[in-house]
Amino acid sequence: MKNNVVIFDIIFYVVFPLVVWNLGRDYIGDYYAMLLSSVPGIIYSLYRFFQLKKVNVFGIYMLATLVIGTLIEVLAGSALQLLWNQVFFAYAMAAFYLATVLTNKPLTLYFALDIFELQGIDKKLSKKIFFQRKFLIVFQLITIVFAVRSIVLAIIKTWLINEYGVDAFDKGILLRQAFSWIMTGVSAVGFIYIAKLISDTPELATVFNFDKDRDNDDVELNSQINKK
């Protein structure tokens, strides 16, 4: 499944919701069709969460956004309010991303710590490295991209709701997934740059490449970092 993430994303986040929405709204109404259309995506997201096989920041983020997103939809009470709740949630997420940047604890930095930990890199060590200024700035920029994505998505959804009412729902599905891919692409560029910074620093490259002398390198690198 890991090799077909994009395909499964399209199926569970785009195809199923659109099919359920368009076929179900005439029988169960707009609101319940919206709720039902989100079920495949919720199940898929839960599956991906348990695939992590470890509770970390990224896993908690996935689960928390899933639970909150589901709650605001279930508690909306009407199709139109559900759409507006999604707009409010997008603004709230943007504020959250920016708050992590302003406090010098960008969320994407913690995602990176989780990724490298899964690859066998000591989390305390990578944390010391990534909080160095040259890395921290890049992670802040990547996190700002997340915030901008949420703000732009909220603005466009607002326009769609005002223009099309509840019919904005299916357009929002396509828009959300397109923006997710764009955000993934931009974020990937940022992480590639992070990898370049690491590879351009010999002592870091040795550690992140799982060198045989890893333990000695960790001690030496910790010493160098603590001196800065």
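The values are calculated or read from the model by the stated rules, or taken from the named source; none is laboratory data. Quick caveat, the model's predicted, so the values are computed rather than measured. In this analysis, Cβ positions are derived from the backbone assuming ideal geometry, glycine residues included, and neighbour counts consider all displayed protein chains. Note: accessible area is taken over every heavy atom of the protein model, side chains too, but ligands, DNA and RNA are not part of it. Shrake-Rupley method; radii C 1.70, N 1.55, O 1.52, S 1.80 Å.
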Inset, instruction - Using the structure shown, decide if residue 213 is at pLDDT below 80 and surrounded by 16 or more Cβ atoms within 10 Å (Cβ to Cβ). - result: no
Inset, instruction - For the range 149-171, indicate whether the set of residues that are within 30 Å of residue 199 (Cα to Cα), part of a helix (DSSP H, G or I), within 16 Å of the chain's Cα centre (by Cα) and not small (Gly, Ala, Ser) is non-empty. - result: yes
Inset, instruction - Could you please let me know if residue 168 is closer than 19 Å to residue 64 by Cβ and open to solvent by less than 40 Å² (accessible area, probe 1.4 Å)? - result: no
Legend entry - Complete set of residues in the range 96-121 that are closer than 22 Å to residue 149 by Cβ and among the aromatic types (Phe, Trp, Tyr): 96, 97, 110, 111
Legend entry - Residue count, the range 101-114 (criterion: assigned to a helix (DSSP H, G or I) and surrounded by 15 or more Cβ atoms within 10 Å (Cβ to Cβ)): 9
Inset, instruction - May I ask you to verify whether residue 145 is within 13 Å of the chain's Cα centre (by Cα), open to solvent by 40 Å² or more (accessible area, probe 1.4 Å) and closer than 27 Å to residue 49 by Cβ? - result: yes
Inset, instruction - Working carefully through the options 67, 87, 74, 39, find the one that is touching a Ser or Thr at 6+ places or on another chain (Cβ under 7 Å) and of a type in the set (Val, Ile, Thr). - result: 87
Inset, instruction - Take residue 65 and decide whether it is under 25 Å from residue 141 (Cβ atoms), at pLDDT 90 or above and of a type in the set (Val, Ile, Thr). - result: no
Inset, instruction - Among the residues of the range 115-129, write down those that are closer than 21 Å to residue 60 by Cα and open to solvent by 70 Å² or more (accessible area, probe 1.4 Å). - result: 115, 118, 119, 122, 124, 127
Inset, instruction - Would you confirm whether any residue within the range 48-61 is free of Cβ contacts under 8 Å to residues at least 40 places away in the same chain and under 20 Å from residue 161 (Cα atoms)? - result: no
Inset, instruction - Please verify whether the range 24-31 includes one or more residues that are surrounded by 19 or more Cβ atoms within 10 Å (Cβ to Cβ), farther than 21 Å from residue 143 by Cα and out of contact with any Pro (no Cβ under 7 Å at 6 or more places or on another chain). - result: yes
Inset, instruction - Being assigned to a helix (DSSP H, G or I) and among the aliphatic types (A, V, I, L, M) is the filter; apply it to the range 37-56 and report the residue that is least open to solvent (accessible area, probe 1.4 Å). - result: 42
Inset, instruction - Could you please let me know if residue 59 is part of a helix (DSSP H, G or I), over 20 Å from residue 14 (Cα atoms) and not charged (D, E, K, R)? - result: yes
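Residues are listed down the side, and each one gets a yes or a no for (1) β-branched (Val, Ile, Thr); (2) in contact (Cβ under 8 Å) with a residue 12 or more places away in the chain; (3) surrounded by 20 or more Cβ atoms within 10 Å (Cβ to Cβ):
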| residue | (1), (2), (3) |
| --- | --- |
| 81 | no, no, no |
| 87 | yes, yes, no |
| 91 | no, yes, no |
| 99 | no, no, no |
| 131 | no, yes, no |
| 139 | no, yes, yes |
| 158 | yes, yes, no |
